[in-house]
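Structure first, commentary second.
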Amino acid sequence: MLSLLVLAPAANAQTSPPLDYVRRIQQNEMVFVPYMGMTRGPVYYTKYEQVSTGVSGASGFRRVILNLTPTAHRLNQYNSFISQNGITDARLNAVTAASACQPSEEIKAMTAYMPEAYRPKVLAGNYPTLCSLSVYFLPEEEAATMAFINTHAVIMMRATVPLCDPASARLSLGPINQRLVQAGVLSTNAASELVGNSWDVLFESAKLAQTAPYLFVTSDPQVGWEIYMKSFTLDLTAQTATMTALTAGQQAYICTPAPLSLTFG
């Protein structure tokens, strides 16, 4: 029997539209992947640079904030990329600063004399800046510290964006929906959404994956079934399952991973 209870929370967790990898556009260290049925989507950057905001005084010390910013913005490539391709940028950073960025060992060693609260610290980025690094130092160490910062990467960034290969297999939702409508499990509401009792949808679609596995594309029907269920918004408390009209008219990717690796420093 397919693992219903393991999947149920995951199916309810999808909060943004699925990405349409076939329409992926890559140009000048920028990768755009639109949401299904839209021209809007996230822009990912594959090349960054460390940019200083200048030295200032703070709490009797000197301080510099360094931003990790896509080179495409400094080179004025971003605006033309957006306009030429009719893109609406979702303006989302690909990864969180805390998970992707850290100060280099060299800058930590160079400022190890500072009190704990004033050691190099990663700050959250404000798109398109992925992350920032706050560095404090003594006034008498400013020349040496800034000379090092200006000639070395002191922000270390390692991240992976989980994207899919555009050639990934795709699951057609229509034939499965049709079977469940015929079985009385799903119906269409006034908003043209497909709706049903969440538990009925879970169990009847799982049964269909076993009796008609060809509808779920993959050699392991559980994989296709999980993709199908993630097309719904499930509310297990209210016992409702809802698939939007837009989603129902699309095909869902059965992802062959093609992650985007980001590095700096």
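Each value in this text was obtained by applying a stated rule to the coordinates, not by laboratory testing. Remember, it's a predicted structure, so these values are computed and weren't measured experimentally. FYI the Cβ positions are ideal-geometry reconstructions off the backbone, even for glycines, and counts take in every protein chain you see.
Values as computed for the structure displayed
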read-out: From the C-alpha gyration tensor of region 93-168, square roots of 5λ in Å; value: 31, 12, 10
read-out: Listed residue (Ala112, Gln27, Ala90) projecting farthest to the positive dipole end of region 26-162, Cβ model; value: Ala90
read-out: Approximate spin-label separation Ser134-Asn28, in nm, with each point projected 7 Å along Cα-to-Cβ; value: 3.4 nm
read-out: Mean separation of Cα contacts under 8 Å (6+ apart) over length of the chain, as relative contact order %; value: 21 percent
read-out: Footprinting exposure proxy for Glu141, Glu105, Glu226, Glu116 (fewest neighbouring C-beta atoms within 10 Å first); value: Glu116, Glu105, Glu141, Glu226
read-out: Rule-of-thumb Rg ratio for region 26-162 [Cα; 2.2 N^0.38 Å; N residues]; value: 1.20
read-out: Proxy reagent accessibility, fewest Cβ within 10 Å first, across His73, His152; value: His152, His73
read-out: Charge dipole (debye, nearest 20) of the chain; +1 at Cβ of Lys and Arg, -1 at Cβ of Asp and Glu; value: 280 debye
read-out: Förster radius 22 Å - calculated FRET efficiency between Ala144 and Arg63, Cβ distance, rounded to 0.05; value: 0.90
read-out: Simple label model, 7 Å out from Cα along Cβ direction - Leu260 to Lys47, nm; value: 1.5 nm
read-out: Partners for Lys121 among lysines (Cα-Cα distance below 28 Å; same-chain residues under 8 apart left out); value: Lys47, Lys108
read-out: Relative contact order of region 177-265, pairs being alpha-carbon contacts under 8 Å that are 6 or more residues apart, as %; value: 28 percent
read-out: Order of Cys131, Cys164 - criterion: other Cβ atoms within 10 Å of each residue's Cβ, fewest first; value: Cys164, Cys131
read-out: Overall Cα dimensions of region 186-265 - principal axes, largest extent first, Å; value: 52, 30, 25
read-out: Net charge over other residues, Cβ less than 13 angstrom from the Cβ of Ala144 (K, R count +1; D, E count -1); value: -3
read-out: Anchor Lys230: lysines whose Cα lies under 20 Å away (excluding residues fewer than 8 positions away in-chain); value: Lys207
read-out: Binned Cα-Cα distances of the chain, short to long, each 5 Å bin given as a whole percent; value: 1, 5, 11, 13, 12, 10, 10, 9, 8, 7, 5, 4, 3, 1, 0, 0
